[in-house]
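In what follows, a single structure is set out as structure tokens and then discussed.
Since every read-out is calculated from the coordinates, none of them should be taken as a lab result. The structure presented is a predicted model; accordingly, all values stated were derived computationally and were not measured. Counting neighbours? That spans all protein chains shown, and the Cβs are built from the backbone with ideal geometry, glycine included.
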Amino acid sequence: MSRAPELDAILRGSPSLMRVLTTVRALDLPDWRVFSGAVYQTVWNARTGRAPDYGLKDFDIGYFDPNTSWDAEDVVIRRVADAFEPPLKDMVEVRNQARVHLWFEGRFGEPYAPLGGTDEALERFVCPAFAIGVRLGPDDTISVAAPFGLDDVFDMVLRPNPLRGVARGWARTTASARARWPEATILEPETTR
């Protein structure tokens, strides 16, 4: 991850993202990461000269708690929401990655095997560019999990996840990203084989 120092500088240049990272760190959730749009969109904004929060719809937070009850997750969702003021309060979405297999197929129409930890979830994201998770450590270092590396996010390339295949929502997901960042390159499934 030779681009990790550049990623670190970009993330630190986003006051909203740093506020989310700092706040979630203080909550001490188990095995947590901020990932997906909060990371790749912040990078794309830096690469295209846009404001750090341009196009961001939410800040996705994953954590891993073996207690897969809805009640336990709801307690965490409320606790995280209570830690923020608007507008971030309405933009932070937290989910227990140990529970994803319970609802994913019903929502997205694809099977989803149980996970063993939050970083494992990154291997199942729609695109390698989305599969980056970050965490702010007690010493203020930003740790990065990126199973596919950082090239696609910095090159603004969206391609299907090679471990997952083409997601059912591929066209909708890539069209949404392209509408906000027309500079992105979309490698359609037939061009990636």
Check your understanding: How high is the relative contact order of segment 4-191, in percent, with contacts defined as C-alpha pairs under 8 Å that are six or more residues apart?
Key -> 21 percent
Check your understanding: Which value, in debye to the nearest 20, gives the size of the charge dipole of segment 1-115 about its Cα centre, when Lys and Arg are +1 and Asp and Glu are -1 at the Cβ?
Key -> 420 debye
Check your understanding: Under a no-solvent Debye model with one identical scatterer per Cα of segment 49-145, what's log10 I(q)/I(0) at q = 0.13, 0.19 Å⁻¹?
Key -> -0.55, -1.17
Exercise for review: Work out the length of the dipole vector of segment 77-193 about its Cα centre, built from +1 on the beta-carbon of each Lys and Arg and -1 on the beta-carbon of each Asp and Glu, and round it to the nearest 20 debye.
Suggested key: 500 debye
Check your understanding: Which residue, chosen from ALA26, TYR63, ALA46, occupies the Cα position most advanced towards the positive end of the dipole of segment 1-112, where the dipole is computed from +1 (Lys, Arg) and -1 (Asp, Glu) charges on Cβ about the Cα centre?
Key -> ALA46
Practice item. Positive end of the charge dipole of the chain (Lys, Arg +1 and Asp, Glu -1 on Cβ, about the Cα centre): tell me which of PHE130, VAL80, PRO182 has its Cα farthest that way. Key: PRO182
Point to revise | 3J(HN,Hα) from dihedral phi, segment 122-138, Karplus parametrisation 6.51/-1.76/1.60, rounded to Hz, x for glycine, proline | key: 4, 5, 10, 5, 4, 10, x, 5, 7, 8, 10, x, 10, 9, 8, x, x
**Study point:** Label-point separation in nm, ASP74 to VAL166, each point 7 Å along Cα→Cβ
**Key:** 3.9 nm
Practice item. Determine how many Å³ per residue the convex hull of the Cα atoms of segment 98-193 encloses. Key: 123 Å³
Review point. Which cross-chain or sequence-distant (5 or more) residues have an amide H under 5 Å from the amide H of ILE132, H modelled 1.01 Å from N in plane?
Key: SER36
Point to revise | Residue among PRO128, PRO147, PRO15 with the largest mean-square fluctuation in a Gaussian network model of the chain, springs linking Cα atoms under 10 Å | key: PRO15
Review point. From the list [x] 0.99; [y] 1.04; [z] 1.17, can you say which value of Cα Rg over 2.2 N^0.38 Å was derived from the structure given?
Key: [x]
